[in-house]
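The values are calculated or read from the model by the stated rules, or taken from the named source; none is laboratory data. Fair warning: this is a prediction, and the values are worked out from it, not measured in the lab. Ligands, DNA and RNA are stripped out before the accessible areas are found, and what is left, the full protein with its side chains, is counted by its heavy atoms. Shrake-Rupley method; radii C 1.70, N 1.55, O 1.52, S 1.80 Å.
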Amino acid sequence: MEGQRRRARQADVARLAGVSQATVSAVVNGRGPETGIPEQTVQRVLEAVRQLGYAANPAARSLRGKRNRLLGVHTFESIFPVDQLDFYHEFLVGIEQQAVADGYDLVLFASTEDLDGRRRIYSDGMNRLALADGSVLLGVEPGSTELARLAAEGYPFVHIGRRTVPGTEIAWVGADYASATREVVGRLAALGHRRIAYVTGPDRMEVFLDKEAGYRAGCADAGLPELMYVTSQLDPAWVDAAHAGGVTAVLAENEPLARQLVAALAERGMAAPADMSVVVLVTMTESGWSSLRIPRNEMGRSAVKMLTRILAGSGDPGDRHHLLPCGLPDDHMIGPPGS
């Protein structure tokens, strides 16, 4: 179109520098010295590159096996936040901050969702992440097939959240939910609670299993009975039964169950912590809740650090799993029984 400048090509650089296109390719890809190109020729090519504003195609560079200092971010469902209160926002901020600190650009992969609502890494048999040197993956993803395939292909990636993939080892950065939940149970027991219920949903991924393990360990430490409830819906009838059974504190595994519990308490004219202490085992984005403080920003930064170490081939190859401590809940919804 008239008035628009055509993007410079290697052929244009070669013509201006008076060299072959193969020489230009070697120089812009950092292979000038190893291919025996004289330094004065290298400088002539680089000057032509500057004059023409030539920029190498990062996709083509990646296909040739070269690093282009791009890190990918892929999510398994629609989680890119539009609000700073979004749960995933701090993960992405941490990823961006560390990528900038390490001198990498980021590319966000947001594919069209399948009918089941999940996003796929592979499309028509091709790894869509291959444009980037390596990628950070996050979000809930029930299956492990694509992760196993990525690992088998040797594509560098780090998963945010502890993940177990049968038959292979993957790199991950997670939160130490087990230790934090165990401490929460101990804290409630020290306040005098003797019947502490744990409410969980039907999905049992690693993150939920870690919290459950912490609850069981905490009950064992304090000599308390395990009161596990698996449900997707808490209503006033559940509150009635729990209250009649002597339950004075509840650990809610996720946000929906926590909100349902507080609403059900309100329907019965009850509240936390006066009638029942409530702890949410995930970070709530608004104040007023007693919830775990997941180190989301630090997890994002740690994932990028681990990925760049993998790309550089540095560090202990066995150091591919990293758990970060959670912050413990405040006292908004925690108190002694009958407080």
Problem - Average accessible area per residue (Å²) across the range 164-320 - probe 1.4 Å, nucleic acids and ligands excluded - result: 42 Å²
Problem - Cut-off under 5 Å, modelled amide H: who pairs with G174 long-range - result: G161, H322, L323, L324
Exercise for the section: Give the percent of DSSP beta bridges with both residues in the range 146-273 that are antiparallel, rounded to the nearest 5. Expected result: 10 percent
Practice task
Please list F109, F87 in order of solvent-accessible area, largest first, computed with a 1.4 Å probe with all protein chains present.
Solution key: F87, F109
Practice task
Please tell me the relative contact order of the range 157-238 in percent, rounded to the nearest whole number, where contacts are Cα pairs under 8 Å and at least six residues apart.
Solution key: 32 percent
Fill in the blank from the handout: Expressed as a percent, the accessible surface of the range 289-339 that is carbon or sulfur, using a 1.4 Å probe and the full set of protein chains, is 48 percent
Practice task
Quote the relative contact order of the range 214-339 in percent (integer), defining contacts as alpha-carbon pairs under 8 Å separated by 6+ residues.
Solution key: 27 percent
Problem - Accessible area in the full protein assembly, largest first, 1.4 Å probe, for D331, D176 - result: D331, D176
Completion exercise
Ignoring ligands and nucleic acids, W238 exposes an accessible area, probe 1.4 Å, in Å² to the nearest 10, of 40 Å²
Fill in the blank from the handout: Amide H proximity to A271 below 5 Å, modelled H, separation 5+ or other chain, gives M276
Completion exercise
For the range 86-91, Karplus-derived ³J(HN,Hα) couplings (6.51, -1.76, 1.60; θ = phi - 60°; whole Hz; x for glycine and proline) come out as 4, 4, 7, 4, 5, 4
